[in-house]
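Taking it in order: structure first as structure tokens, then the write-up.
Readers should treat all values here as calculations from the given coordinates under stated rules, not as data from a laboratory. Computed from a prediction, not measured in an experiment: that's the story for all the values here. For neighbour counting, all protein chains shown are included, and Cβ atoms are generated from backbone atoms with ideal geometry for every residue, glycine included.
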2 protein chains.
Amino acid sequence: MKELENFVKKLRNSGIRPTKQRLKICEVLFSSDKTFHFTVNDLAKIIEEELREKISLATVYNTVHAFKKKGYLKEISIPGDKSYFDTNTNHHHHFFDSNAKELIDIDFNQIELKNTPKAPRGKSIKGIDVIINVENDSQ
Amino acid sequence: MKELENFVKKLRNSGIRPTKQRLKICEVLFSSDKTFHFTVNDLAKIIEEELREKISLATVYNTVHAFKKKGYLKEISIPGDKSYFDTNTNHHHHFFDSNAKELIDIDFNQIELKNTPKAPRGKSIKGIDVIINVENDSQ
DNA sequence: CTTCAACTTTAGAATCATTATAAAATATTC
DNA sequence: GAATATTTTATAATGATTCTAAAGTTGAAG
């Protein structure tokens, strides 16, 4: 398979050196069509425990941030919880299930925002995040 | 003035004992009509430095969380930044200015959300947060 | 008003996420 | 392949938040 080749290309095109560690992270994050939500710790665990590859937590942080900056990942922050990253970088929104502590994607088209206000003078809009908090029905 | 009385009542009605520290925090947060955004640290500093009252950071945390649980404060979490609290508990939204690291309220009516999706089975919607990220124009 | 149980505050320790550091390893360029 | 720039790494440092357990305060009941 030439998947690895593609990752090498992808990184090189972004001016990121394709190191072993970065390629391993690409493999975990971008091999499948499925998008997913994870914390830095989750990702480090997958690599260390499932793939049994040694990787420094600092490297995982560095890489995740580099990928975020290049637009390969989105960060979602939850009040009273930690930061999650999302491999789905299309414009879309989220449910946050506060019982399961879990994000669920909502397609961009499923919510229509009308009359979004103008940015304050001298500023411009960079992105809009909608988080719908949900919890278990109380019976 | 009977402001203090009112705070005592407010707390008692919520089943929160009106202690000196909690009343002091009420005074800082709810005396003015103006709403504002702050971190736990900001609040502790105001009390210690401006009011020159000694208060433990742990108490500020406890109180802020108690007030949040009772609905007197809202928490807003920013990707790659920390948690902010908001004395405006009306349903409303925010700009986040990533240069100034500052939240700006957006009136609820200024954004119309159409077709908000149903919560997943067995869950119900508890709240919706819209954060519009803005940054300085690049010239 | 005194007493007592329940609750709260406090300082400091503990934890957790994240960032900084600087030496060793690796990648790129020539 | 040697020189330079970048990256990885383990570890320390930081910062936010929570925990702990002892000391202090509050409210209810007599």
Count the net charge of all other residues whose Cβ sits under 15 Å from the Cβ of B:Lys114, scoring Lys and Arg as +1 and Asp and Glu as -1. -1
List every residue whose amide H lies under 5 Å from the amide H of B:Lys123, counting only residues 5 or more places away in sequence or on a different chain, with H placed 1.01 Å from N in the peptide plane. A:Asp137
Neighbouring Cβ atoms within 10 Å as the yardstick, rank A:Ile125, A:Ile76 fewest first. A:Ile125, A:Ile76
Would you grab the residues whose amide H sits under 5 Å from the one on B:Leu73? Only those 5+ places off in sequence or on another chain, please, with H modelled 1.01 Å from N. B:Lys68
For the cross-link pairs B:Lys101/B:Lys123; B:Lys70/B:Lys126; A:Lys126/B:Lys82; A:Lys45/B:Lys118; A:Lys114/B:Lys70; A:Lys101/B:Lys118, which exceed 23 Å when the distance is taken from alpha carbon to alpha carbon? B:Lys101/B:Lys123; A:Lys45/B:Lys118; A:Lys114/B:Lys70
Taking a ≥ b ≥ c as the square roots of the eigenvalues of the Cα gyration tensor, with a/c under 1.5 meaning rounded and otherwise prolate when a/b exceeds b/c and oblate if not, region B:45-139 is oblate
Determine the shape class of region A:3-77: with a ≥ b ≥ c the square roots of the Cα gyration tensor eigenvalues, call it rounded for a/c under 1.5, and otherwise prolate if a/b is greater than b/c, oblate otherwise. rounded
Once amide hydrogens are built 1.01 Å from N within the peptide plane, the residues lying 5 or more places from A:Phe36 or on another chain with amide H under 5 Å from its amide H are A:Thr87, A:Asn88
How many Cβ atoms of partner chains, on average, are near each residue of B:69-79 if near means within 10 Å of its Cβ? 3
